[in-house]
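Data first, discussion second: the structure below is written as structure tokens.
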Amino acid sequence: MSNRPSLNGTNDLTTDEDASVVEDKTTPAWRQFELDVVTTIANLDPAAEVVHDENVKGHYSGTMRQLDAVARKSLAGAPVEVVIECKQYKRKLGIGKIDEFVGKLIDIGCAHGILYATSGVTEPARLRAHGSINPRITLRDMSDLHLYADPSQMPVDVLERILDDHAVDFSDLVEEAVLGNCQAENCWYGDVHLGSVDGILVGQCDSCGQLHVKCGCCDELSEMDWSSGVCFVCGAEYHVISYQGDLDGMEQISHGPDCNGEHPAIDTAS
């Protein structure tokens with residue numbers, strides 16, 4: 001495979017066999033990063049079983065797949081599983097890495113994955129992850145690690161504090177996986193399938209039909225009516241500017257108080 005730069009100036013490599021890896025995965029620093037991610041997630045939900053470095057046979061490939069970590073829990077008798085990957089690379093992860101992760105999750109039959117990236121992800125990779133519905137992908141951009149120190153030389157307690165800032169509450173993921181993510185008060189099992197309209201992620205619940213918007217300022221999902229809506233977390237305001245049978249016009253008319261308004265819109269170009 002060629003390592004030549006893509007048209008946007010980044011290398012969108014699609015395999016793990018490239019020179020962008022910070023260090024060999026057998027080194028103590030790398031494994032410590034994985035272990036600290038595992039510890040952080042386990043501490044958020046003591047009822048969950050979080051296992052580090054597990055191998056699972058793929059349903060389709062018939063090959064053993066290495067998983068950095070797996071979190072498991074049962075809710076109302078239903079088992080829920082989330083796979084966690086920790087990517088420590090010199091460059092941002094490209095869209096190919098997201099495709100790899102999605103493919104691995106499909107192969108092992110897992111419906112949700114969390115991807116930690118120490119150098120962040122490219123914009124196409126971020127859009128690919130946000131657009132993945134089954135399996136769902138939760139991204140954790142750790143690119144601000146360089147603001148603190150070299151992660152391989154960082155004291156464990158400092159790294160743990162940083163990971164807490166990027167933590168994913170596994171109990172919330174379990175609830176969403178079993179009960180659905182619809183925010184409507186009397187809808188318990190509906191799922192909202194998001195798509196981009198004028199750079200804003202919106203969608204309807206597949207059970208009750210309620211319209212939702214995923215806030216660009218704080219990334220939270222909120223219900224809205226067919227004319228306007230307000231993010232229940234940060235207060236950002238959204239407005240439907242065109243609705244003719246299908247929602248075909250949206251705008252964000254205000255941002256949350258802690259948002260500088262510079263977050264990128266979702267690219268709708270194909």
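Quick notes
- Number of positions in the stretch 21-46 that are surrounded by 18 or more Cβ atoms within 10 Å (Cβ to Cβ) and either modelled with pLDDT under 70 or on the phi > 0 side of the Ramachandran plot (or both): 2
- Scanning the stretch 61-89 for residues that are assigned to a strand (DSSP E or B), modelled with pLDDT of 85 or more and surrounded by fewer than 14 Cβ atoms within 10 Å (Cβ to Cβ) yields a total of 2.
- Residues in the stretch 90-100 that are hydrophobic (A, V, I, L, M, F, W, C) and buried (at least 23 other Cβ atoms within 10 Å of the Cβ): L93, I98.
- In the stretch 202-218, the residues that are surrounded by fewer than 17 Cβ atoms within 10 Å (Cβ to Cβ) and in contact with a strand residue (DSSP E or B) (Cβ under 8 Å, 6 or more places away or on another chain): D206
- When we screen G199, G131 for residues that are within 15 Å of D219 (Cα to Cα), surrounded by fewer than 16 Cβ atoms within 10 Å (Cβ to Cβ) and modelled with pLDDT under 85, the only hit is G131.
- Count - residues of the stretch 38-57 that are touching a helix residue (DSSP H, G or I) at 6+ places or on another chain (Cβ under 9 Å) and closer than 28 Å to G120 by Cβ: 13
- Considering only residues in the stretch 89-109 that are of a type in the set (G, A, S) and touching a residue at least 60 places away in the same chain (Cβ under 8 Å), the one that is farthest from T122 (Cα to Cα) turns out to be G96.
The values are calculated or read from the model by the stated rules, or taken from the named source; none is laboratory data. Source: prediction; values computed, not measured. Note that we place each Cβ from the backbone using ideal geometry, even for glycine, and neighbour counts take in every protein chain shown.
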